[in-house]
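Asker: Structure incoming, see below.
The values are calculated or read from the model by the stated rules, or taken from the named source; none is laboratory data. Note that the structure is a prediction, hence the values are computed from the model and not measured. Using ideal geometry, Cβ is built from the backbone for each residue, glycine included, and neighbour counts are taken over all protein chains shown.
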Amino acid sequence: MQANIKRIILFSLSLLIPAIASAQAGRDKPDFVQILKKADALVTFPDTDFSAMYSFVQETPGQGSSSKQAMVFRRDRENTYLIVMVQPEEDRGKGYLKSGNNLWYYDPVSRRFTFTSAKDRFQNMNARNSDFTRSNLAGDYRVVGSERAKLGIYDCWILDLVATSDDITFPKMKIWISDDGLVRKTQDFSYSGQHLRTVAFPQYQQIGDQFYPTTVVIVEELRGGVVNGKFEKERTTYTVARPSLQRLPDATFTKTWLEKLSE
Amino acid sequence: MRAMTPQIAYRNFTRNGRRFLLLGLAVCAGFFFVCTVQSLVSGLSNQINTRGARFYGGHVIIRKENQTGTPAEEDRLIIAAIANSGVRPAVVSHRTHFGNYSGADGVIYFNGESVRVRRVIGMDWSAEGPKISELRFVAGDPQSMRDPNGALISEVTARRLGASVGDQVILQVIRPGGAINTIPVTVKAIFQEVSIFGYYTVYMDRSVLDDALGFDPHYTAMVGLYLKDYRQQDFAAASLRHALGADYTVNSVVSLMPEIRTMLEALTLISYGILALLSVVIAVGILNMYRVIIYERTREIGTMRAIGVQRRQVRDIVLCEAFYLSVCGIAGGLIVSVLALFGISQMPLSGAAGFDIFLDHGHLSWVMYPDVVGLDALLIIIVTLLGALGPARAAQAIDPVVAIRAE
């Protein structure tokens, strides 16, 4: 009889302890949706416009490097942006205008606007047009995995993300978010899980209540070349300078203004 | 006596061989020219249509923009309509395409290199294997495409990637919503196709492509029909359009290449223009030369009349001779044309920029369609008879007494 009672108690404990432990673990994990929302909020300018000079350097192993410069104007509250190429001379005047889900590319030579896509490469570099869109990690992705780790000096949550719809350029992502809420690194994957690129945000600058990355490094996982017997990946580094939160005229985000700028 | 007209004409023809030689050479030259030009034009057309059919999936392409039923139901409807239309295709293909016509390029990655792909063609090897096998392969065995994870890439693509048969490359496609997807595929064979129909084209298994694009396994973007005779494509397309109704888009492959179609039609018109011109030249030439021949044979004709050959029979004998003349000229022209076409087809022309689309493995090809040759021959015969008609009537009017007395 006593042996039976002991067995019953032991069996009950074997069920209860893991349940309690798991409940406790759940309570220790933060709300990842809130983490993503915070990451979005820190780099989004909901009440002001944002403009800055972006300088791009693309390094192609075995072929040297090339540089470009562009002025970027953002109005995050309307999910719109305008980009005008400034350097090199042969690209001057080319531009992109995003308005809602429409993204237009302007060629000053033909004076024509053509419909392009967020998934396309920006100026044939490793950045994509979608990289300039307002951050919407919390809306575009859901968290399917998490772990804690250190990235350099930063303690980070590493989250495995899966896109919530089929119109997100990179359907899978691994993201490093430091405890201050800023995205430090992402690994972007295809739908089938192929690692396509790695993006690092080594430095941020605060402006007002928000932040912007002063340097972004994009490394292509599938493109590169052999240099001195070693395979090196293609990379694009862009820096952001001369930021401004000055309100821009509404006409800035129109095709007409882009055409005038390009003249 | 009338029943012996063909024999008499044949005897006269063979005995006056020297007189008819020049005329025969004229007919021979004319037919040779027409036959050669038309065969070359047919060869160009055949090449374009073969390449186009391979690229687009058939000589007739059926698409439905807004599929209302399940893919399997839609396919059953199309197959039933094909059966009811009276069109009897040699091969029915089912394809999914991804490429610049759908708004984005595919990309192949290998060993750090990348190549934009103009068109990724998902096909069923079991149905289209024999057609795709007609490509010129420089490496690998296309029969190994029975492996659904295989792909056929062009020589240009392979060279730029540094890829070989057996290498696994990564193909990047964009799903309809815009999400990037990648598929690892193994290069099974490398084909040589320098025209726009193959330069940056990849062939792969349709079900694998459908899966990568997020489509139903039974989904097909289009159904294609390879015809036994590509010249029937417009008629077949019209029949299918009638059978399928307005919900479907049915195109002949040549209608998808309007500039090429215009050029081919122009070439065909030119060849018929040449035929018409030559017909006039032959008719006039025969008229003039036959007048001389009849004049030289005045006594002979007078003798025939004197022994009882009637006027009408004299006319028929002359026309029969003209018929034999045209047949010999046609036969000679045909033989010379075949020899010339064989010689022309041996010349390598792959260096001519932009002309590769018309060549068969770097050489001009030619096709002699029996119906076309037959029509040309019939026309030459009619023209020859028309040319000989005047002199034949003049011969029948010859007075035998006057003819015999003539020096």
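Asker: Mind checking which residues of region A:153-185 are within 18 Å of A:VAL43 (Cβ to Cβ) and within 14 Å of another protein chain (Cβ to nearest Cβ)?
Answerer: Those that are within 18 Å of A:VAL43 (Cβ to Cβ) and within 14 Å of another protein chain (Cβ to nearest Cβ): A:LEU161, A:ILE168, A:THR169, A:PHE170, A:MET173.
Asker: Residues A:SER110, A:SER99, A:SER65: which one is over 22 Å from A:PRO249 (Cβ atoms) and either within 14 Å of chain B (Cβ to nearest Cβ) or in contact with a strand residue (DSSP E or B) (Cβ under 6 Å, 6 or more places away or on another chain) (or both)?
Answerer: Of the residues listed, the single one that is over 22 Å from A:PRO249 (Cβ atoms) and either within 14 Å of chain B (Cβ to nearest Cβ) or in contact with a strand residue (DSSP E or B) (Cβ under 6 Å, 6 or more places away or on another chain) (or both) is A:SER65.
Asker: Could you go through region B:379-401 and let me know if any residue there is assigned to a loop (DSSP other than H, G, I, E, B), touching a residue at least 40 places away in the same chain (Cβ under 8 Å), hydroxyl-bearing (Ser, Thr, Tyr) and within 24 Å of B:CYS35 (Cα to Cα).
Answerer: no
Asker: With respect to the numbered conditions (1) under 26 Å from A:GLY193 (Cβ atoms); (2) within 13 Å of chain B (Cβ to nearest Cβ), which one is the sole condition not fulfilled by A:PHE115?
Answerer: Unmet condition: (1).
Asker: Where in region B:142-206 are there strands (runs of 3 or more DSSP E), lying wholly inside it, with at least 2 residues that are within 14 Å of chain A (Cβ to nearest Cβ) and touching a residue at least 60 places away in the same chain (Cβ under 8 Å)?
Answerer: B:168-174
Asker: Ok, one more. Can you find, within region B:24-46, the residue that is nearest to B:VAL223 (Cα to Cα) among those that are touching an Asp or Glu at 6+ places or on another chain (Cβ under 9 Å) and buried (at least 21 other Cβ atoms within 10 Å of the Cβ)?
Answerer: For region B:24-46, the residue satisfying everything is B:GLY43.
Asker: Then there is this: Could you list, in sequence order, all residues of region A:228-238 that are away from chain B (no Cβ under 11 Å) and charged (D, E, K, R)?
Answerer: Passing the criteria: A:LYS230, A:ARG235.
Asker: Looking at (1) among the charged types (D, E, K, R); (2) surrounded by 15 or more Cβ atoms within 10 Å (Cβ to Cβ); (3) within 14 Å of chain B (Cβ to nearest Cβ), which is the one condition that is false for A:GLU259?
Answerer: Every condition holds for A:GLU259 apart from (3).
Asker: Still on this model: Condition first: more than 18 Å from B:ARG160 (Cα to Cα), touching a helix residue (DSSP H, G or I) at 6+ places or on another chain (Cβ under 7 Å) and within 14 Å of chain A (Cβ to nearest Cβ). Can you find one or more residues in region B:220-237 that meet it?
Answerer: Scanning region B:220-237, I find no residue that is more than 18 Å from B:ARG160 (Cα to Cα), touching a helix residue (DSSP H, G or I) at 6+ places or on another chain (Cβ under 7 Å) and within 14 Å of chain A (Cβ to nearest Cβ), so the answer is no.
Asker: Let me ask something additional. Report whether or not B:ASP211 is touching a residue at least 12 places away in the same chain (Cβ under 8 Å), over 28 Å from the mean Cα position of the chain (by Cα), over 30 Å from B:ALA395 (Cβ atoms) and not in a strand (DSSP E or B).
Answerer: no
Asker: State the number of residues belonging to region B:167-192 that are more than 18 Å from B:ASP105 (Cβ to Cβ), out of contact with any helix residue (DSSP H, G or I) (no Cβ under 6 Å at 6 or more places or on another chain) and crowded, with 22+ Cβ neighbours inside 10 Å.
Answerer: The qualifying residues number 2.
Asker: Check B:LYS228 against each of (1) farther than 21 Å from B:GLY69 by Cα; (2) surrounded by 19 or more Cβ atoms within 10 Å (Cβ to Cβ) and name the one condition it does not meet.
Answerer: Against the list (1) farther than 21 Å from B:GLY69 by Cα; (2) surrounded by 19 or more Cβ atoms within 10 Å (Cβ to Cβ), B:LYS228 comes up short only on (2).
Asker: Quick one: A:GLY225 ticks every box in (1) within 14 Å of chain B (Cβ to nearest Cβ); (2) in contact with a Phe, Trp or Tyr (Cβ under 9 Å, 6 or more places away or on another chain); (3) at pLDDT 95 or above except a single one, so which number is it?
Answerer: The number of the failed condition is (3).
Asker: For region B:367-406, which positions are touching a Leu at 6+ places or on another chain (Cβ under 8 Å) and not aliphatic (A, V, I, L, M)?
Answerer: Passing the criteria: B:ASP376, B:THR384, B:GLY387, B:GLY390, B:PRO391.
Asker: Looking at A:LEU97 and the list (1) surrounded by fewer than 21 Cβ atoms within 10 Å (Cβ to Cβ); (2) over 22 Å from A:VAL219 (Cβ atoms); (3) aliphatic (A, V, I, L, M), which single condition is not satisfied?
Answerer: Condition not satisfied by A:LEU97: (1).
Asker: May I ask you to say which residue of B:VAL309, B:VAL284, B:VAL327, B:VAL336 is under 21 Å from B:TYR10 (Cα atoms) and either under 44 Å from the mean Cα position of the chain (by Cα) or not aliphatic (A, V, I, L, M) (or both)?
Answerer: Unique residue meeting the criteria: B:VAL327.
Asker: Take A:THR169 and tell me if it is among the hydroxyl-bearing types (Ser, Thr, Tyr), touching a helix residue (DSSP H, G or I) at 6+ places or on another chain (Cβ under 7 Å) and either surrounded by 14 or more Cβ atoms within 10 Å (Cβ to Cβ) or assigned to a strand (DSSP E or B) (or both).
Answerer: Yes; evaluated as a whole, the condition is true for this residue.
Asker: Moving on to the next point. Would a scan of region B:119-140 turn up a residue that is part of a strand (DSSP E or B), away from chain A (no Cβ under 12 Å) and charged (D, E, K, R)?
Answerer: Scanning region B:119-140 turns up at least one residue that is part of a strand (DSSP E or B), away from chain A (no Cβ under 12 Å) and charged (D, E, K, R).
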